[in-house]
Amino acid sequence: MKKLLSIQSHVVHGYVGNKAATFPLQLKGWDVDALNTVQYSNHPAYGSFYGIKYQANELLEIYKKIVEVAQVHYSVVLSGYITSKQHLESIIEIVNDAKTHNPNVKWFFDPIIGDNGRIYINDSNSIIELYKMLLRQGQPFLVTPNHFELELLTDTKITNLESLKQALTKFKQLYPLINSIVVTSVDLAEDPGYLICAGSTNDSDTFIYYKIPKFNGFFFGSGDLFGALLADSYINHEASSGSRIDILANSLNEVLSVLYHVLDYSYRWQLNTLAKSGQRIAPETKIKVNDLKIVQCKKYFTEDVELRYSKMTY
Amino acid sequence: MEYPEDKRILSIQSHVTHGFVGNKAATFPLQCLGWDVDVINTVNFSNHTGYGTVAGSVVSSTDLEKLYHHIITTTGLEKYQCLLTGYIPNADLLEQIGMVGRDLKHKNPDSIWLLDPVMGDEGVMYVDTSVIQAYQSLAKSGGIDIITPNQYELELLLGSPITTELEVTKALDILHHQYRIKYVIITSIYLDNDKSSLKAVCSDNGDYHILEISPIIEGYFTGVGDLFSALTIDRVYQQHLHNGKNHKQLYQCISEVMQIMHKVLIITKQARELENCSQEEKSEKDNNNNNNNNNNNVGKINDGTMRFNELRIIESRYLFDGNN
């Protein structure tokens, strides 16, 4: 049985954090231990929410108790949105301990800071410093910053393919112990209809990328779903032989192809719901898709999905 | 494109990070069956209490009330088709849940509320005694459509021993007619003290059937009741939808659920035996017999073998596709 520890937020309603990650991973046969960092009514972008934050030491105590009573050996740790520096410290301690039980445990680390130039974590300066230290020490296996987060982690502005390559190169110089880097959604002015998803490994100079047509919508939880699917896909591809950059490239294509269907279905569902409620949407309007339709998209997690994208190399 | 009707269920139960009880046992099967499950966690625990020790915290009744209130007001999606409530650790929370149940019913009178009055089993209580009285008043207060006590819980609820078929019919009469609960499922009961034959009773407004439960798979499995109530509310909901055509009676629904449960327990038992073998090999190598001097991991509370007895919900996922 494949065992995975997912340290993320819990929302009662909707699909972000652990609610976005758990169901797809379970469908793919993972025994997911969901360690919730918070219990919120819904994701904050709804405009209002209520919630409880679990203390940093509670996370650690829960983890330790599981190891004590159930002697679980995880092969993957997933982490996402972090509410404070203390919480991040607890997570680091958890991963370090998990490595003593299984030296091959892989930490898929989403260094959440913000998006589109806006920071949405508290205590961001000290968390960014801690992220940088963590990356230098090389605890995470694979890191998935977005455009803005990669800029912050490398102090490099990304405006075109050339500066994207510079940022990735600098990332690898600054953090040579990180096995793989994936930048999830690079938005370049020169190609406004597309997002770029790029990846590289620390044993190769090349980087690969995929051009993904944009949806005219705002989505929530898509990054969390992406991270979960990537962990699963990477572990599966790793079992077959191949260079690390190929493993990464093939996993990314698979994950992006599945994600396309989930976003497409969720987007159309939202349009349909708006239409039914009598709202007229101007063709160019970017609509807000509050909840991914994770449950209705079950078949995309259980059946093979045709690969949609062509790998580019730079 | 055609979109299937949204099925929304609110499930208020415990959360364990590791293992499968409460919401961890209920959510995944319901999601597989196409439900959008809104999950309120009454506790945030490391593991279930059967291990003898846990870490984590219990939500306050104020937090529960506010979480519920915010979901209703901010998501704008007022209607739930179903409400599923299970293990509630104290009377304060239980009262709050009564409020939630009545409010959902008010918003959608067609919704179905399954209340599993989790208090204990075979004479052992695992909640605070104040909970008994809270369940008694909750059961009387209306709005509950399905109740799923075991024999011990039924006795606690009604305050008298229920060991014969006659006593069962009297109990059903109270639950249906005084408490206005349409469906009663006594999930396990020994009638006339016959410990050789475990039975279940399903009653649709007094029209009752007694089902034989296939021989219990040896061992202590926590979460069985939580999986049972999740699968039951799905079946009963489908039943409501198809009222009139292809009508299945309650006992038919329940015996289908029990067949699935039986398969889940077989998968669980097989996985346990597999791990037991590899554990024995390991312990020979390590020459460490602390937990393994007893080769049968039949799982009694706090004997160190509990970890082998977690329900194999994930390995059983093919059973939850609605075709079983």
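The values are calculated or read from the model by the stated rules, or taken from the named source; none is laboratory data. Computed from a prediction, not measured in an experiment: that's the story for all the values here. When we count neighbours, we look across all protein chains shown, and the Cβ atoms used for this are built from the backbone with ideal geometry, even at glycine.
General remarks:
- Looking only at residues in region A:283-309 that are away from chain B (no Cβ under 12 Å) and not in a loop (DSSP other than H, G, I, E, B), the one that is surrounded by the fewest Cβ atoms within 10 Å (Cβ to Cβ) is A:K288.
- Residue in region B:291-298 that is within 28 Å of A:K28 (Cα to Cα), crowded, with 19+ Cβ neighbours inside 10 Å and at pLDDT 75 or above present: no
- When A:K165 is tested against (1) free of Cβ contacts under 8 Å to residues at least 24 places away in the same chain; (2) basic (K, R); (3) part of a helix (DSSP H, G or I), only condition (1) is not met.
Let's see how each residue does on (1) facing chain A (nearest Cβ under 7 Å); (2) of a type in the set (F, W, Y); (3) in contact (Cβ under 8 Å) with a residue 24 or more places away in the chain:
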| position | (1), (2), (3) |
| --- | --- |
| B:Q31 | yes, no, no |
| B:D38 | yes, no, yes |
| B:N41 | yes, no, yes |
| B:T53 | yes, no, yes |
| B:L64 | no, no, yes |
| B:Y68 | no, yes, yes |
| B:T75 | yes, no, no |
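- Scanning region A:102-147 for residues that are more than 22 Å from A:Y194 (Cα to Cα) and touching a His at 6+ places or on another chain (Cβ under 9 Å) returns A:N102, A:V105.
- Verdict on A:K132 being farther than 24 Å from A:D246 by Cβ and in contact with a strand residue (DSSP E or B) (Cβ under 6 Å, 6 or more places away or on another chain): no
- Neighbours by Cβ (under 9 Å, 6+ apart or cross-chain): first from region B:126-148, more than 18 Å from B:V236 (Cβ to Cβ); second in a loop (DSSP other than H, G, I, E, B) and of a type in the set (S, T, N, Q): B:V127/B:N90; B:D128/B:N90; B:S130/B:N90; B:V131/B:N90; B:A134/B:N90
- Selected residue (only one of A:K157, A:K132, A:K170 is among the basic types (K, R) and not in a helix (DSSP H, G or I)): A:K157
- Hits in region B:114-146 - residues which are part of a helix (DSSP H, G or I), over 23 Å from B:A26 (Cα atoms) and of a type in the set (A, V, I, L, M): B:I132, B:A134
- Close pairs (6 angstrom Cβ cut-off, 6 or more residues apart or separate chains): farther than 30 Å from A:A228 by Cα in region A:276-305, not acidic (D, E) anywhere: A:I281/A:L274
- Lone qualifier among A:K293, A:K276, A:K286 - being over 19 Å from the mean Cα position of the chain (by Cα) and either farther than 21 Å from A:H147 by Cβ or modelled with pLDDT of 95 or more (or both): A:K276
- Just one of the listed residues (B:D110, B:D121) is touching a residue at least 24 places away in the same chain (Cβ under 8 Å), under 29 Å from A:V289 (Cβ atoms) and away from every other protein chain (no Cβ under 14 Å), and it is B:D110.
- Residue within region B:122-131 that is under 19 Å from the mean Cα position of the chain (by Cα) and among the aromatic types (F, W, Y) present: yes
- Looking at region A:27-80, the strands (runs of 3 or more DSSP E) lying wholly inside it that each contain 3 or more residues that are within 7 Å of chain B (Cβ to nearest Cβ) and either more than 20 Å from the chain's Cα centre (by Cα) or closer than 21 Å to B:V59 by Cβ (or both) sit at A:30-40.
- Residues within region A:253-267 that are out of contact with any helix residue (DSSP H, G or I) (no Cβ under 7 Å at 6 or more places or on another chain) and closer than 14 Å to A:H237 by Cβ, tallied: 3
- One residue alone among B:T73, B:T62, B:T49 is among the β-branched types (V, I, T) and touching a Phe, Trp or Tyr at 6+ places or on another chain (Cβ under 8 Å), and that residue is B:T49.
- Boolean, A:K2 is touching a helix residue (DSSP H, G or I) at 6+ places or on another chain (Cβ under 9 Å), without any contact (Cβ under 8 Å) to a residue 60 or more places away in the chain and either surrounded by fewer than 24 Cβ atoms within 10 Å (Cβ to Cβ) or within 29 Å of A:I128 (Cβ to Cβ) (or both): no
- Evaluating B:Y80 against the criteria (1) touching a residue at least 40 places away in the same chain (Cβ under 8 Å); (2) out of contact with any strand residue (DSSP E or B) (no Cβ under 6 Å at 6 or more places or on another chain); (3) within 14 Å of chain A (Cβ to nearest Cβ); (4) not polar (S, T, N, Q) leaves one unmet condition, (2).
- Residue in region B:3-19 that is more than 30 Å from B:F308 (Cβ to Cβ), touching a helix residue (DSSP H, G or I) at 6+ places or on another chain (Cβ under 8 Å) and among the β-branched types (V, I, T) present: yes
- Inside region A:61-75, residues that are under 28 Å from A:F220 (Cβ atoms) and of a type in the set (A, V, I, L, M, F, W, C) make up a count of 1.
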